[in-house]
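The values are calculated or read from the model by the stated rules, or taken from the named source; none is laboratory data. If you're wondering where the values come from, they're calculated on a predicted model, not measured in any experiment. With ideal geometry, Cβ positions are generated from the backbone for all residues, glycine too; neighbour counts draw on all protein chains shown. For accessibility, only protein heavy atoms count, side chains too; no ligands or nucleic acids. Shrake-Rupley method; radii C 1.70, N 1.55, O 1.52, S 1.80 Å.
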Amino acid sequence: MNETEDIIGLYRDYNTVIKPLIAEIEARMEQFPLPLFNEIRALHDHIARCYSDGITVERKSEEVQKARRHIVRIILDCYKYLNLTLHESLLLFERQTKNIDLTVLKNGEFYPKYRSLRIEAIQAVRRAKALESMNLDSALDAYQESYNLYTRIETLIDEILPDVHWARVRFTVRKGLQILLWLLSAVASGVVSILLANLF
């Protein structure tokens, strides 16, 4: 494969892998992270150098290799941002449901799946971070695995949201009834003590 075909391959990866990841980042974060801009700029800078006047074949090959490393770095960074965003979304779900017994949702099937996927996703991120300095391809696979696990959790949560809303309403009604019963018992106790005081 020559350098021109390598460059075409780089742009194929950019169009088919990076652009969809960036679109998802923008949709989820509603912004474009600056470090990704820098990596994209560096990628295109190395490709542009391939077309400089008087560039040697060896130098062009070096520039293509550097561009390829930026492609991998961009993909890694995209997965990092997506995993972070998905993890924050998961933490928000947990804060919003802290007063709800998640173990009863979907006849007790939801929480074990949720917990298992959550642990697997976090372990995949840790594994990816450990691999990043040793083997970028393996790190990339681990980040993608974590992303896939987080999206499975997101789907799992989306499926039980109606049950969560119902559980939240039940919790609120139950709590309101407890407060109302406490108030009624306090008022009844006061009325009884006044009546007893007047009798004696």
Review point. Under a plain spin-label model, where a point goes 7 Å from the Cα along Cα-to-Cβ, how far apart in nm are residue 113 and residue 196?
Key: 5.5
Check your understanding: In Å, what is the Rg of the alpha-carbon atoms in region 15-56, and how long is Dmax?
Key -> 13.9, 44
**Study point:** Exceeding the 25 Å Cα-Cα cut-off - candidates 60/80; 80/113; 19/129; 19/66; 19/106
**Key:** 60/80; 19/106
Exercise for review: With N set to the residue count of region 111-157, report its C-alpha Rg divided by 2.2 N^0.38 Å to two decimal places.
Suggested key: 1.18
Practice item. Arrange the residues 111, 147 by how much accessible surface each exposes, largest first, with a 1.4 angstrom probe. Key: 111, 147
Exercise for review: Compute the accessible area per residue over region 21-169, keeping the other protein chains in place, probe 1.4 Å, unit Å².
Suggested key: 57
Check your understanding: Counting each DSSP H run of 4 or more residues in the chain as -39500 (n - 2.57), what helix-only mean residue ellipticity at 222 nm follows after dividing by all residues, to the nearest 500 deg cm²/dmol?
Key -> -29500 deg cm²/dmol
Point to revise | Solvent exposure ordering (accessible area, 1.4 Å, most first) of 19, 60, 66 | key: 19, 66, 60
Exercise for review: Beyond 21 Å, what share of the Cα-Cα pairs of region 1-102 is found? Please give it as a whole percent.
Suggested key: 46
Practice item. Provide the solvent-accessible area of residue 29, counting protein heavy atoms only and rolling a 1.4 Å probe, rounded to the nearest 10 Å². Key: 50
Point to revise | Residue-span extension gain [residue 96 to residue 59] - 0.36 nm each, minus C-alpha spacing | key: 7.8 nm
Practice item. Please state, rounded to one decimal and in Å, the Kirkwood hydrodynamic radius that the chain gives when every pair of distinct Cα atoms enters the mean of 1/r. Key: 21.2
